[in-house]
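Any read-out appearing in this document is the output of simple, stated calculations on the displayed coordinates, not a laboratory observation. Predicted, not measured: the structure shown is a model, and the values here were computed from it. Cβ atoms come from the backbone with ideal geometry, glycine included; neighbour counts cover every protein chain shown.
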Amino acid sequence: MEKSNLILEFETDLRSKINEMKNKKIHNPSLFLNMANEEGWYEATKKLISKPKNTTGFTDLLLKGRTDLSLESLVVQKKYNSLFSNEEIKMCQSRLS
């Protein structure tokens, strides 16, 4: 699959997770949404996963037992591996474990 199409698929899956978070009142990722609207969804994801510490959004999902809705859970999916560096994937795997 062409990288641009894969990015669009990633962004669609991420939007779906965010909609579920908001609809079920699990978490409102307003800071991420602002960043995504300014920089793009994929770019905002890469910026957040490169931070050395967990974001407040990830921590909130972790405390609620819903890391399945995190952007980290998408990054580690095999179908999206080509969009991220090995280091980014390992960082996300570490957060999820």
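Results, tabulated for the structure shown:
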item: Tail weight of P(r) past 22 Å, computed on alpha-carbon pairs of the chain, percent; result: 21 percent
item: Choice from 67, 55, 45 showing the highest fluctuation, given a GNM over the chain with Cα pairs closer than 10 Å; result: 55
item: Segment residue 6-residue 30, extension gain: residue separation times 0.36 nm, minus the distance between their alpha carbons; result: 6.2 nm
item: Rg/Rh ratio calculated on Cα atoms of region 51-97 (Kirkwood radius); result: 0.96
item: Length-normalised contact order of region 3-96 in % [C-alpha pairs under 8 Å, at least 6 apart]; result: 31 percent
item: The chain: GluC sites (Glu not before Pro) in DSSP coil with no more than 15 other Cβ atoms inside 10 Å; result: 2
item: Net charge dipole size for the chain [Lys, Arg +1 and Asp, Glu -1 on Cβ; Debye, nearest 20]; result: 380 debye
